[in-house]
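Engineer: Following this message is one structure expressed as structure tokens.
The values are calculated or read from the model by the stated rules, or taken from the named source; none is laboratory data. Treat the numbers as computed from the prediction; the structure is a model and nothing was measured. Neighbour counts are summed over all protein chains in view; Cβ atoms, including those assigned to glycine, are modelled from backbone coordinates with ideal geometry.
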Amino acid sequence: MTTQTRDNASLVTTTEPASRRKKGARRAAAGEAHPQPWIYAVLGAGLVVLVGPFLWMLQGSFRPNRELQQVPPSWLPQHPTLDNYRQLFQVLDFPTFFFNSAVVAASITIGNLVFCSMLGYALAKLRFPGKRAIFALVLGTLMVPGVVLFVPLFVLVSNLGMANSFPGLIFPFLAGPFGVFLMRQFILGLPDELIQAARVDGASEFRIFRSIIIPLCKPVLATLGILTFLTSWNQFLWPLVVAQSEDKYTLPVALAIYSIGEKRADYGLLMAGSVVVVIPVLLVFLALQRHFVRGIAMTGIK
Amino acid sequence: MATVTAGGKPETRRGATGVARRREALAGYMFALPFLVLFVVFTVGPVIAALGMSFTDLRSADINNPLAVQPVGLKNYSKLLSDESFKQAVLNTGYFVLVGVPLTIVLALAVAVGLNSGITRFKTFFRVGYYLPVVTSIVAVAVVWRFLLEPNSGLVNTLLGYVGIDGPSWLKDETWAMPSLIAMAAWRNMGTLVIIFLAGLQTVPAEMHEAAAIDGAGAWGRFRHITLPLLRPTMLFGAVITGIGYLQFFEEPFVMTQGGPLDKTLSVAYYAYNQFGFGNYSYAAAMAYTLFLVIAVVTFLQFKLLGEKD
């Protein structure tokens, strides 16, 4: 999976400069002036505003609380310390929250990859009565806000005995409409001849899916996987509703509850907690950012 | 004999395609089934159940005892109309959306046009940087922003102090609390629109700009009369997805203000969550469904209004 992802990334990189060069040539032909330095200045200033809060968060997490309440604040830590992290991981139960978040996000991601690619394939390439109705139903729920679902879902999950449990956190999100839409759009673009040829050779429908479709879908599966993982990792309302005891909290739930509870003024601790929630995601994003752009472009523009 | 073979051949062929057809259909259902079971139980069912619940008196005490639940007709909805906190929540949500969506679009458009203006160096770097906040947890971001907006020790007021402005106590001030949340939402969400607008800008033919430039049109004129009209569908899409998201805002007031000061940042989604917390399940469902209806209507209207001008 990792190597494949890297291959795709390098594929994209190699094609990009060519298109850039072409664009540059066109601009030059149009006699347009070179980009003004002030555009860089404005974009750079904007970037400082966008990224600055994360840097402030990071440096704040290494400062004792006393120093964070100082007026005016100093720009850099005067007495850097790891105490905030020590408290998170040794006194509070952040290892558990981290584990819960990872299990929930990973399960939801795997579920969506499997179930959405299966239905996406059926909707794109197989003929069966009711296909249009199913696609319409799935599309129709793309817009349903989470706030509509949480009350009936809670009643359902409680009656199934899944309140305050991993199944309760995971099951409602295993099969999301977004993934079906994404997979269907991608598989529609694959040539029918491949499937017909395999059928003539006597391959079963499952075999065709497993050995022909899935390998061709690797780039879109990577996109769906990353997007689903991040959405689940950051999800808040449902885990807040369904996780009732601390041992089932996910990271965002724990952070939110500490931040409005007794630790509300303990910014050193809260910044360290935010770092733990945010930094893994930022690293994943920075490593795989091309897949995001493709995902947004595919669902947004097509 | 001759008739049998003559009639038999096409028949078996038809039979064979029929079998293949049926096999394909069967495969289709097998591939669809796992998703559909989960989807019907955990999504379609609850969407319908929420509507049903909103016409009952379901409370947390009735959760394992459905027989105790009574239908109450439109009572929950009529109660909404006379609920002062709900009215405040509707006003706040409207404020958040009507100011937040245009602000986010304008900022994102400015960045996208800047990135598309022929800069080659650092383009990816900028694009990634502007998208960064989108992938982060709103809860974490809200915690960080609360820290930035602290009245005395916060970075924002410190910077304002350098230019001689005595910044307010942002999140505790009735006037400034909501604008603070809106600014944070625009900061966090503009990256998505930057990417979408950048893709939209690729579809604006360079030839049109070249022709207009030869005819003496300035950069602003070309932006207004070429780029903006061609970008209309993309902007519509951006407005719809941003609007849908903003109508449901919840984490920001939950972490930063708890709906205060004096309900000034209470959103509809947050109020529904609070009512759920009090055990008023059917009332919360009625509220959530009202929000859902508004989202559906707003989406429809935005497509209608902005889409027809093409």
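Engineer: Taking region B:257-269 as the search range and keeping residues that are more than 9 Å from every other protein chain (Cβ to nearest Cβ) and under 22 Å from the mean Cα position of the chain (by Cα), which one is modelled with the lowest pLDDT?
Structural biologist: Step one: of region B:257-269, the residues more than 9 Å from every other protein chain (Cβ to nearest Cβ) are B:257, B:259-267.
Restricting the remaining residues to those that are under 22 Å from the mean Cα position of the chain (by Cα) gives B:257, B:259, B:264-267.
Numbers: B:257: 90, B:259: 84, B:264: 88, B:265: 91, B:266: 93, B:267: 92.
Of everything passing the filter in region B:257-269, B:259 is modelled with the lowest pLDDT.
Engineer: Being within 11 Å of another protein chain (Cβ to nearest Cβ), among the hydrophobic types (A, V, I, L, M, F, W, C) and in contact with a Gly (Cβ under 9 Å, 6 or more places away or on another chain) is true for just one of B:284, B:272, B:296, B:219. Which residue is that? Can you show your working first?
Structural biologist: Values: B:272 fails: in contact with a Gly (Cβ under 9 Å, 6 or more places away or on another chain); B:296 fails: in contact with a Gly (Cβ under 9 Å, 6 or more places away or on another chain); B:219 fails: in contact with a Gly (Cβ under 9 Å, 6 or more places away or on another chain).
Answer to the check: B:284.
Engineer: Also, I was wondering about something else. Residues B:24, B:84, B:11: which one is at pLDDT 85 or above and more than 14 Å from chain A (Cβ to nearest Cβ)? Working first, answer last.
Structural biologist: Values: B:24 fails: more than 14 Å from chain A (Cβ to nearest Cβ); B:11 fails: at pLDDT 85 or above.
Going through B:24, B:84, B:11 in turn, the sole match is B:84.
Engineer: Which residues, counting only those in region A:138-186, are part of a loop (DSSP other than H, G, I, E, B) and more than 7 Å from chain B (Cβ to nearest Cβ)? Spell out how you get there, then give the answer.
Structural biologist: From region A:138-186, those part of a loop (DSSP other than H, G, I, E, B) are A:141-145, A:160-165, A:174-176; that's our starting set.
Once the filter is applied, which keeps residues that are part of a loop (DSSP other than H, G, I, E, B) and more than 7 Å from chain B (Cβ to nearest Cβ), region A:138-186 yields A:142, A:160, A:161, A:162, A:163, A:164, A:165, A:176.
Engineer: Run down B:218, B:191, B:260, B:243 and say which single residue is closer than 30 Å to residue A:149 by Cβ and surrounded by fewer than 17 Cβ atoms within 10 Å (Cβ to Cβ).
Structural biologist: B:260
Engineer: Checking the structure you have, find out if any residue of region B:130-139 is of a type in the set (Gly, Ala, Ser) and surrounded by 19 or more Cβ atoms within 10 Å (Cβ to Cβ). Give the steps one after another, and end with the answer.
Structural biologist: First, the residues of region B:130-139 that are of a type in the set (Gly, Ala, Ser): B:137.
Those left that are additionally surrounded by 19 or more Cβ atoms within 10 Å (Cβ to Cβ): B:137.
Yes, region B:130-139 has at least one match.
Engineer: Right, here's the next one. Could you tell me whether residue B:167 is more than 10 Å from chain A (Cβ to nearest Cβ), farther than 20 Å from residue A:51 by Cβ, part of a loop (DSSP other than H, G, I, E, B) and in contact with a Gly (Cβ under 8 Å, 6 or more places away or on another chain)? Break it down stepwise before answering.
Structural biologist: On the way: more than 10 Å from chain A (Cβ to nearest Cβ): yes; farther than 20 Å from residue A:51 by Cβ: yes; part of a loop (DSSP other than H, G, I, E, B): yes; in contact with a Gly (Cβ under 8 Å, 6 or more places away or on another chain): yes.
The answer is yes for residue B:167.
Engineer: For residue A:220, are the conditions met, namely being crowded, with 22+ Cβ neighbours inside 10 Å, over 30 Å from residue A:163 (Cα atoms) and not polar (S, T, N, Q)?
Structural biologist: Details: crowded, with 22+ Cβ neighbours inside 10 Å: yes; over 30 Å from residue A:163 (Cα atoms): yes; not polar (S, T, N, Q): yes.
Criteria met by residue A:220.
Engineer: Which condition number does residue A:192 fail, the rest of (1) at the interface with chain B (Cβ under 7 Å from one of its Cβ atoms); (2) charged (D, E, K, R); (3) in contact (Cβ under 8 Å) with a residue 12 or more places away in the chain; (4) surrounded by fewer than 21 Cβ atoms within 10 Å (Cβ to Cβ) being met?
Structural biologist: (1)
Engineer: Take region A:66-107 and flag every residue that is modelled with pLDDT of 90 or more and farther than 21 Å from residue A:279 by Cβ.
Structural biologist: Scanning region A:66-107 gives a single hit, A:107.
Engineer: Okay, next question. Does residue B:192 satisfy the condition of being touching a Gly at 6+ places or on another chain (Cβ under 9 Å), touching a residue at least 12 places away in the same chain (Cβ under 8 Å) and facing chain A (nearest Cβ under 8 Å)? Before you say what the answer is, go through the steps one by one.
Structural biologist: Values: touching a Gly at 6+ places or on another chain (Cβ under 9 Å): yes; touching a residue at least 12 places away in the same chain (Cβ under 8 Å): yes; facing chain A (nearest Cβ under 8 Å): yes.
The answer is yes for residue B:192.
Engineer: Here is a follow-up. Read through the list (1) more than 9 Å from chain A (Cβ to nearest Cβ); (2) touching a residue at least 60 places away in the same chain (Cβ under 8 Å), then give the number of the only condition that residue B:159 fails.
Structural biologist: (2)
Engineer: Could you say which residue among B:147, B:122 is of a type in the set (Phe, Trp, Tyr) and either in contact with a strand residue (DSSP E or B) (Cβ under 6 Å, 6 or more places away or on another chain) or within 7 Å of chain A (Cβ to nearest Cβ) (or both)?
Structural biologist: On the way: B:122 fails: either in contact with a strand residue (DSSP E or B) (Cβ under 6 Å, 6 or more places away or on another chain) or within 7 Å of chain A (Cβ to nearest Cβ) (or both).
After ruling out the rest, the residue left standing is B:147.
Engineer: For residue A:89, indicate whether it is of a type outside the set (Val, Ile, Thr) and away from chain B (no Cβ under 13 Å). Can you show your working first?
Structural biologist: Values: of a type outside the set (Val, Ile, Thr): yes; away from chain B (no Cβ under 13 Å): yes.
So residue A:89 passes the test.
Engineer: Can you tell me which residues in region B:38-58 are facing chain A (nearest Cβ under 8 Å) and either part of a helix (DSSP H, G or I) or under 13 Å from residue A:180 (Cβ atoms) (or both)?
Structural biologist: Let us first name the residues in region B:38-58 that are facing chain A (nearest Cβ under 8 Å), namely B:38-39, B:41-47, B:49-50, B:53, B:58.
Result: B:38, B:39, B:41, B:42, B:43, B:44, B:45, B:46, B:47, B:49, B:50, B:53.
Engineer: How many residues does region A:103-128 hold that are surrounded by fewer than 16 Cβ atoms within 10 Å (Cβ to Cβ) and facing chain B (nearest Cβ under 7 Å)?
Structural biologist: Matching residues across region A:103-128 total 1.
Engineer: Run residue A:244 past the list (1) closer than 30 Å to residue B:284 by Cβ; (2) in contact with a helix residue (DSSP H, G or I) (Cβ under 8 Å, 6 or more places away or on another chain); (3) in a loop (DSSP other than H, G, I, E, B) and report the number of the one that doesn't hold.
Structural biologist: (2)
Engineer: Moving to a separate point now. Run down A:197, A:203 and say which single residue is more than 30 Å from residue B:41 (Cβ to Cβ) and in a helix (DSSP H, G or I). Spell out the reasoning first.
Structural biologist: Numbers: A:203 fails: in a helix (DSSP H, G or I).
From the options A:197, A:203, the qualifying one is A:197.
Engineer: Based on this model, can you work out whether residue A:219 counts as out of contact with any helix residue (DSSP H, G or I) (no Cβ under 7 Å at 6 or more places or on another chain) and in a helix (DSSP H, G or I)?
Structural biologist: On the way: out of contact with any helix residue (DSSP H, G or I) (no Cβ under 7 Å at 6 or more places or on another chain): no; in a helix (DSSP H, G or I): yes.
Taking the combined requirement at face value, the residue does not satisfy it.
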